[in-house]
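Right, one structure below, let's go through it.
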Amino acid sequence: MAIRTAPSIQMTRTLVADTVVLEVRGELDLATAPELCREIETETAGGERLVIDLSGLTSCDTSSLRALVGAIEESEIRMCEIAVAAVPGSALDRLLDVTGTREFLRAAPTRSAAVSALG
């Protein structure tokens, strides 16, 4: 089910087992990060388990990554379980390592591995 589309980002919501999967494609930047953060807040309002599949991102900057981490931390405060899928070796995967952000996220190499990481 397509959710919302900002000029350079597309998000699709699906349900896998008991986990909501939010597939994100396009560019995650200063203009699109607020849209993703709002969607994360919406999807976790009821304490859902959420996988954010970022394998379709074509770019992501550090300010957007910070916004993403902030949205995930807020959701976890509300007792939501969240995992992120990032393709190994991708620009996002390298950004997670270079910035040290990976230690703050439950990151997995694939969508299915992210779903499994949530138990």
Condition (residue is in contact (Cβ under 8 Å) with a residue 24 or more places away in the chain, of a type outside the set (A, V, I, L, M, F, W, C) and within 21 Å of residue 17 (Cβ to Cβ)) applied to segment 82-102: is it met by at least one residue? no
Would you mention how many residues in segment 28-50 are buried (at least 19 other Cβ atoms within 10 Å of the Cβ) and not in a helix (DSSP H, G or I)? 5
Go through 69, 21, 84 for me and flag whichever is surrounded by fewer than 17 Cβ atoms within 10 Å (Cβ to Cβ) and under 21 Å from residue 109 (Cβ atoms). 69
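Every read-out reported here was derived from the displayed coordinates using simple, explicitly stated rules and does not represent laboratory data. Just so it is clear, the structure is predicted and the values come from calculations on it, not from any experiment. As a convention, Cβ positions derive from the backbone with ideal geometry for all residues, glycine included, and neighbour counts pool all protein chains shown.
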